[in-house]
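Below you'll find the structure, written out as structure tokens, and then a few comments.
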Amino acid sequence: MKIAIVEDDINMRKSLEIAMGDYKEFEIVSFKSAKDALPKLDDTYELVVTDINMPGMDGIEFVKVLDGKYEVIIMTGNATLQKAIDSIQLGVKDFLLKPFEIETLVEAIKRSHKVQEVVKKAPKGKKAKKQCSSSSFAASSPALEKAVNMAEKAAKTDASILLTGESGVGKEVFATFIHESSPRAKKPFVAINMAAIPDNLIESELFGFEKGAFTDAIAAKPGQFELANGGTIFLDEIGEMPYGVQAKLLRVLQEREVQRLGSQKPIKIDVRVVSATNANLHKHIDEGEFREDLYYRLNTIPVAIPPLRQRKEEILDIASKVLEDNCEKYGFELKQFNEASKEALLEYSWPGNIRELVSVVERATILSEGDSITPDELFLDSRQKQKSITEMEKELIEEVLNSCDMDIKESAKILGMSNSVLEKKIQTYNLKG
């Protein structure tokens, strides 16, 4: 099994190389940075073990660029809660806090390898059913029921809808549900993730271009708004849209027409816009990063989707459905959660929301030995340690503030965050002196 270790600390990197050398089943290749690793990673690698805090491209950005091509294990000695959550939402299965015993890493690698082997051997043509699909979208908690009812009412209109909520709560599922519940259901549904498109390509991706509009434009191409004509366009992570493109989007919404790059001819469109964000757009507006007029145009009907920790009633139903679907997908006899594992599922806080729950259950389906899944096979204990990251962050912020005599600007600079983010964390952790 060929493994890439990406670690900027030379002592840690060499220590891992030496320690892992005792395990002959692993072929270890180490890199000092993500940028050093990227051009050298190929199909011979099965796993990437990477630090989070690295100069240049950090571990979270690195995982985004890898885009699911490799299984990933994150390791770090100085993580914020948000980075832990970000790694979970990107599909990272193991998150190891330094210092850790080499056996802990080896066990994580073996788990990853077993998952990969089972996935490769899965019966061809079988896929897990999409969880919480819009065709069977039912709310079993008061918190979600309120959001579903609002979405159902909004779906009957052509008003723009803004979905808000943490990453992983199911905003795209809601957008699909709205489309399929609307008079536009038989027309196209086009989903675009703003964060996944390079800034310099967003305008051409959304609005299209004519041949010769720029160097690589060898043929004309319609934009996503044209492709969604008559139907619904879903703009996910709308807060990531570059400020310059926002004005052009506002014009499209007002005039109901697009103009391809390199063309003077407007094209009429009839598109319903659903957008989504996990960011605080009011804060972005205050900081001059998001247009207030665009916000009000997109936010005709707001729908707030609650996090999974506020929807405890749904956890076991979702988990059982994911378990059933994955048993079918991988050709296993039907498994079930024992009572202790059900309690563990209910007690965990699910910072990664439904996306994390689906990931945890899928891995447990594969790694469990019998037909009854135990708490140990959920591996929630190691994830639960991420709660201590909150305490670590609080202690770090408090230490820096004290060393800077509560100087917000200086402390924020040391901590690598904006003044407003630091002030919010001070309030959250009640650190005002």
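The values are calculated or read from the model by the stated rules, or taken from the named source; none is laboratory data. None of the values given here were measured: they were computed from a predicted structure. Glycine also receives a Cβ, built like all others from the backbone with ideal geometry; neighbour counts cover every protein chain displayed. With ligands, DNA and RNA removed, areas are computed over all heavy atoms of the protein, side chains included. Shrake-Rupley method; radii C 1.70, N 1.55, O 1.52, S 1.80 Å.
Quick one: is I5 among the aliphatic types (A, V, I, L, M) and buried (at least 17 other Cβ atoms within 10 Å of the Cβ)? Quick ask: steps written out before the conclusion?
On the way: among the aliphatic types (A, V, I, L, M): yes; buried (at least 17 other Cβ atoms within 10 Å of the Cβ): yes.
It is true that I5 is among the aliphatic types (A, V, I, L, M) and buried (at least 17 other Cβ atoms within 10 Å of the Cβ).
List pairs: first residue in the stretch 299-320 and free of Cβ contacts under 8 Å to residues at least 24 places away in the same chain, second residue surrounded by fewer than 19 Cβ atoms within 10 Å (Cβ to Cβ) anywhere in the structure, Cβ distance under 8 angstrom, at least six positions apart or on different chains.
Close Cβ pairs (under 8 Å, with a partner that is surrounded by fewer than 19 Cβ atoms within 10 Å (Cβ to Cβ)) amount to S320/Q336.
Among (1) open to solvent by 10 Å² or more (accessible area, probe 1.4 Å); (2) farther than 25 Å from I267 by Cβ, where does A147 come up short?
(1)
I need the full set of residues from the stretch 321-330 which are open to solvent by less than 70 Å² (accessible area, probe 1.4 Å), more than 23 Å from the chain's Cα centre (by Cα) and without any contact (Cβ under 8 Å) to a residue 60 or more places away in the chain, in order please.
The answer is C327, and nothing else.
Can you find, within the stretch 257-271, the residue that is nearest to G231 (Cα to Cα) among those that are at pLDDT 95 or above and out of contact with any helix residue (DSSP H, G or I) (no Cβ under 8 Å at 6 or more places or on another chain)?
D270
Considering only residues that are in a strand (DSSP E or B) and either modelled with pLDDT under 95 or surrounded by 19 or more Cβ atoms within 10 Å (Cβ to Cβ) (or both), which ones fall in the stretch 274-303?
Here is the first cut: in the stretch 274-303, the ones in a strand (DSSP E or B) are 274-277, 301-303.
Scanning the stretch 274-303 gives V274, S275, A276, T277, V303.
Report whether or not A185 is in contact with a His (Cβ under 8 Å, 6 or more places away or on another chain) and either surrounded by fewer than 20 Cβ atoms within 10 Å (Cβ to Cβ) or small (G, A, S) (or both).
The answer is yes for A185.
Can you name the residue in the stretch 276-305 that is in contact with a Ser or Thr (Cβ under 7 Å, 6 or more places away or on another chain) and of a type in the set (S, T, Y) and, of all such residues, is nearest to G170 (Cα to Cα)?
T277
Which ones in the stretch 189-204 are assigned to a helix (DSSP H, G or I) and open to solvent by less than 30 Å² (accessible area, probe 1.4 Å)?
M194, I202, S204
Counting just the residues of the stretch 219-273 that are among the charged types (D, E, K, R) and at positive phi, which one comes out surrounded by the most Cβ atoms within 10 Å (Cβ to Cβ)?
Among those that are among the charged types (D, E, K, R) and at positive phi, it is E237.
Which condition number does E289 fail, the rest of (1) touching a Leu at 6+ places or on another chain (Cβ under 7 Å); (2) charged (D, E, K, R); (3) farther than 15 Å from D158 by Cβ being met?
All conditions are met except number (1).
Which residues, counting only those in the stretch 37-57, are open to solvent by 40 Å² or more (accessible area, probe 1.4 Å) and assigned to a helix (DSSP H, G or I)?
If the condition is that a residue be open to solvent by 40 Å² or more (accessible area, probe 1.4 Å) and assigned to a helix (DSSP H, G or I), then L38, P39, K40 are the ones that fit.
Matching residues to (1) of a type in the set (V, I, T); (2) loosely packed, with under 12 Cβ neighbours inside 10 Å; (3) modelled with pLDDT of 85 or more; (4) assigned to a helix (DSSP H, G or I):
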site: I366; (1), (2), (3), (4): yes, no, yes, yes
site: E377; (1), (2), (3), (4): no, no, yes, yes
site: R383; (1), (2), (3), (4): no, no, no, yes
site: E398; (1), (2), (3), (4): no, no, no, yes
site: M406; (1), (2), (3), (4): no, no, yes, no
site: E410; (1), (2), (3), (4): no, no, yes, yes
site: M417; (1), (2), (3), (4): no, no, no, no
site: S420; (1), (2), (3), (4): no, no, no, yes
site: I426; (1), (2), (3), (4): yes, no, yes, yes
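Scanning for something within 27 Å of I197 (Cβ to Cβ) and at pLDDT 90 or above, does the stretch 9-30 turn up at least one residue?
So far as the stretch 9-30 goes, no, none of its residues is within 27 Å of I197 (Cβ to Cβ) and at pLDDT 90 or above.
Testing T104 on (1) modelled with pLDDT of 70 or more; (2) open to solvent by less than 50 Å² (accessible area, probe 1.4 Å); (3) assigned to a helix (DSSP H, G or I), one condition comes back false. Which one is that?
Failed condition: (2).
Search the stretch 368-380 for residues that are of a type in the set (A, V, I, L, M) and pair each with any residue that is part of a loop (DSSP other than H, G, I, E, B) and open to solvent by 30 Å² or more (accessible area, probe 1.4 Å) when their beta-carbon atoms are under 8 Å apart and the residues are at least 6 apart or on different chains.
Final answer for the pair search is I373/N338.
Does R309 qualify as being open to solvent by 60 Å² or more (accessible area, probe 1.4 Å), under 18 Å from A147 (Cα atoms), outside any strand (DSSP E or B) and not hydrophobic (A, V, I, L, M, F, W, C)?
Answer is yes for this residue.
Collect the residues in the stretch 396-433 that are over 26 Å from the mean Cα position of the chain (by Cα) and at positive phi, keeping them in residue-number order.
D405, M406, N430
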